[in-house]
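Some notes on the structure that comes next.
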Amino acid sequence: MPVINTATKLNKDNFISQVVRYGFFAEQIPECFNSVMLSNKIKDIMPSVSIKAKAKDATTSPTTLSTYKNDISRRVLSLPNPEAFLRVVKLMADNWSEIKSASNSPNSLSPVTYIHTYRQGASEMLNSENVRESIRSKSDFVEGIKNCIRASLGYKYRLDVDVANCYNTIYTHSIAWAMCGKDEAKKYYRTKMPSSLKSQYELADQLDTYMRYQKNNETNGIVVGPFTSRIFSEIIMAELDRKLTEKGYHFRRYVDDFKFYFRTESQAQESLPIIEKVLNEYSLNLNTAKTEIYKYPFDVISQMKTAFEDALKKEGVFGVLNTAAQFQISGEKGAYKYALKMLKNCEIPLEDFDIIMPSLTNVMLIDPKYGKYVIDYLKHNIKKLDKDKLSRIMNLELESSLKTELQQESLIFIQIIKELSLNLSADNLINLLKTGDDFSIIIALDIWKNRNKLVLRSRTEATRINNEIKNLAAALNGETMTGSRWLLLHEIAMHQLIDGRIMPSMASDPFFTELVRHKISFYKSIRKKK
C-alpha cells in the first residue's frame, strides 16, 4: 500500500527558524549580507528579546537602501534593527495560529505559507522568494495564472487595479480594524467592550506597536523588506478581500495587485468608485496609473522555457539573452530572471564577450535585482575572462551609478568587484566612503582592509583613502545602535574595518553586546570567505 505523504505544518519553532534566516534581508540585497549566523544562534539570542519594551527604549530606525522601482521612481528597502525585528518575530511566533488565520484569504495568490513537496514528503514553508530559492522550489507563477484562468470562467472583462505605494501608506492602526473589524475595534478602544474581543484586540495592538518600533514609531507606513511586513500587510489585505467579496465582486489578488472579473465593460467601469471607497476605508488608495480594463483573452501562460531552450541550441548564450529581450519588450517581467538562471552553468563564448557583456550589464541597470544571477554566471566563467577588461567595465558603471546616486546599482557593481576579485579604482572607493549607502561602505572598507593590493592606487591615493576613512569615523560620532547606521557600526566592530584608535566610542547596547558575544555578524567578509 503506498505511503500517503502528509505535510509538516509550520509551527512556532520552525516559523522562527525560517523567518530569521530568510525573512530579515530583502532578496534585492546581495547574499554577502545575510542572517545565517543569527539564525544559527537564535535560541541563545531570543531570551534577550523582550516583548514588554516601552516606546522610549524600543523605538529604532532601519538601515535603508534606495532601489529600482521603475524608470521614474525609486523604492526604499529597509533593514530593521535586529532586536526590533525579533520582537515582531517573537510576537508572531507566540500567536502563529491566530496570525496565520487572520492572513488567510481564498482570493489571495500570495498566501504567507505554501506546501513544498519533495520525494520524502511535504513541508509547509514561508512563501518567500528567499526560501524558495534556498530549497530550489519551483515558482508558483504558472499555478497562479491557472488559478486566474479558472476564476475567469464566464467573464469577458478583467479590471486590474493595485494599491498606490502600498507598504509606505499602510496605517499601522488598521491592523486592529482588520483583525477585529473596523467599527468593533474603534468601539473596543473607547469602551473596552465587548470583553470577548480583548485578546484579539490586544494582539493586534501589540503587532501595531512592534511594527512601529522598527520605523521610528511612525503610524504611516511599514518597513519594506522583511517578510514580517509581508505577513502584516497580508492580514490587512485579507480583510479587504472579505469586504470586496461581501459586495459581490469576483477577483484574485497577488499582494496588492487585484484582478477583478466582469461580464461587461460598463460593470468594470462602474465598480471603480466602490472598490476605491473600500480601500479608502483602510487609509489606502488606488494607483490610477496602473488601473486598466482588459478584454478576453487574458491570463496567458508564457512559452518562455521552450523559446529559451530553442534559442540556446540555435544561437547559444546571446540567443537566449536576445530572446529574453523580446519577451521583456512584450511585457514578460520575469524574462531576464528566467534566462539568467538558465544560463548559470553555461560557458561564455569568448568571441561573443563584447556582445554578451553589454547585455548583462544593461540587464542589471534595468533591474538591479538580477545582479545576483549575473554574478553567478560570471563566477562560473571567471577563469577564462579578461579580468582587466571586466574591471574597467565594472568601475565605469560604478562611477556612473555613484554620480547619479543610484544606491542599489552601486551596491551591485561593488559586489561584483568584490566577488570576482576585480580591481577597484581609488576614486570609486573614496566616493563610496563619501556618498555610498552603508551596505556599499561595508564592502568598500572590507576590500581596502583585506584586498588593498587590488585597489588601483599610488601613495597619494592611499593617503586620500585613509583620510576619507577618518572622515567617515568622525561622521559616525554620536550615532547609536538604535539609529539608522546600526549595521555599519556593528560590522565595523565585528570585522575591525576601521582602526579602533580613530573610531568614536559608542554607548553600550545590551542586545548588540549579546550579538558580539555570540560572534554574530550580518556580513560575509573577504577574510571570512578565505
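The values are calculated or read from the model by the stated rules, or taken from the named source; none is laboratory data. Small disclaimer: the values here were computed from a predicted structure and weren't measured. A quick note on method: Cβ atoms are made from the backbone with ideal geometry, for glycine too, and the neighbour counts reach across all protein chains shown. With ligands, DNA and RNA removed, areas are computed over all heavy atoms of the protein, side chains included. Shrake-Rupley method; radii C 1.70, N 1.55, O 1.52, S 1.80 Å.
Computing FRET efficiency as 1/(1 + (r/R0)^6) for Ala507 and Ser330, where r is the C-beta to C-beta distance and R0 is 45 Å, gives about 0.20.
For the stretch 419-518, the set of trypsin sites (Lys or Arg not before Pro) satisfying both a DSSP loop assignment and a count of at most 12 other C-beta atoms within 10 Å is given as Arg501. Of the listed pairs Lys313/Lys389; Lys12/Lys305; Lys52/Lys290; Lys138/Lys403; Lys12/Lys56; Lys41/Lys138, which have alpha-carbon separations greater than 32 Å here? Among Lys313/Lys389; Lys12/Lys305; Lys52/Lys290; Lys138/Lys403; Lys12/Lys56; Lys41/Lys138, the Cα-Cα distance tops 32 Å for Lys12/Lys305; Lys52/Lys290; Lys138/Lys403.
Note on exposure: Thr209, Thr245 ranked by accessible area (1.4 Å probe, complete protein assembly) read Thr245, Thr209, with the most exposed listed first. Distance between the 7 Å Cα→Cβ label points at Glu31 and Arg464: 3.5 nm.
Applying D = kT/(6 pi eta Rh) to the stretch 460-530, where Rh is the Kirkwood radius over alpha-carbon pairs, T corresponds to 25 °C and eta to 0.890 mPa s, the Stokes-Einstein value obtained is 185 µm²/s. Counting only protein heavy atoms and a 1.4 Å probe, the chain has 48 square angstrom of accessible area per residue. In this rough spin-label picture, where each label sits 7 Å from Cα along the Cβ direction, the Thr117-Asn216 distance is 4.8 nm. What a 1.4 Å probe finds exposed on the chain is 50% carbon and sulfur by accessible area, rounded to a whole percent. Tally the DSSP beta bridges in the chain and give the antiparallel ones as a percent, rounded to 5. Approximately 85 percent, going by the DSSP bridge assignments. You can think of it this way: the chain between Lys198 and Lys69 has 42.4 nm of extra reach, that is 0.36 nm per residue less the Cα-Cα gap. For a paramagnetic label modelled at 7 Å from the Cα of Lys43 toward its Cβ, which residues of the stretch 17-37 fall within the zone defined by backbone nitrogen distances under 19 Å? Output list for this probe position: 17-22, 36-37. The structure-derived value of Rg and Dmax of the Cα atoms in Å appears in the list (i) 27.9, 92; (ii) 25.4, 88; (iii) 24.7, 77 under the label (iii). Rolling a 1.4 Å probe over the protein heavy atoms leaves Asp57 with an accessible area of roughly 100 Å². Going by a ≥ b ≥ c, the root eigenvalues of the Cα gyration tensor, does the stretch 247-396 fall in the rounded group (a/c under 1.5), the prolate group (a/b larger than b/c) or the oblate group? Prolate is the answer for the stretch 247-396, as a/c is 1.5 or above and a/b outweighs b/c. At full extension, Lys314 and Tyr171 could sit 46.2 nm farther apart than now, given 0.36 nm per residue minus the alpha carbon distance. Estimated at the nearest 10 Å², the accessible area of Ile355 is 80 Å² with a 1.4 Å probe.
Extending 7 Å from the Cα toward the beta-carbon at both Ile51 and Lys12 defines two label points whose distance is 0.8 nm. Heavy-atom accessible area for Ser108, with the other protein chains in place and a 1.4 Å probe, reaches approximately 20 Å². The residue list Ser410, Asn466, Leu240 was ranked by how far each Cα lies along the charge dipole of the chain toward its positive end, using unit charges on Cβ atoms, and Asn466 comes out on top. A simple count of charges around Lys192, restricted to other residues whose Cβ falls under 11 Å of its Cβ and scoring Lys, Arg +1 and Asp, Glu -1, yields +2. Bridgeable lysines around Lys449 (alpha carbons under 18 Å apart, same-chain partners fewer than 8 residues away excluded): Lys418, Lys434, Lys470, Lys524, Lys528, Lys529, Lys530.
Applying 1/(1 + (r/R0)^6) with r as the Cβ-Cβ distance of Ser421 and Ala475 and R0 = 35 angstrom yields a FRET efficiency of 0.75.
By the helix-only formula, in which each DSSP H run with n ≥ 4 contributes -39500 (n - 2.57) and the sum is divided by residues, the chain has a 222 nm mean residue ellipticity of -16500 deg cm²/dmol.
Oblate is the label for the stretch 333-435, because a/c, from the alpha-carbon gyration tensor with a ≥ b ≥ c as root eigenvalues, is 1.5 or above and a/b does not exceed b/c. Under a cut-off of 13 Å between alpha-carbon atoms, report the aspartates and glutamates in cross-link reach of Lys9, not counting same-chain residues fewer than 8 places apart. Result set, ordered by chain and number: Glu124.
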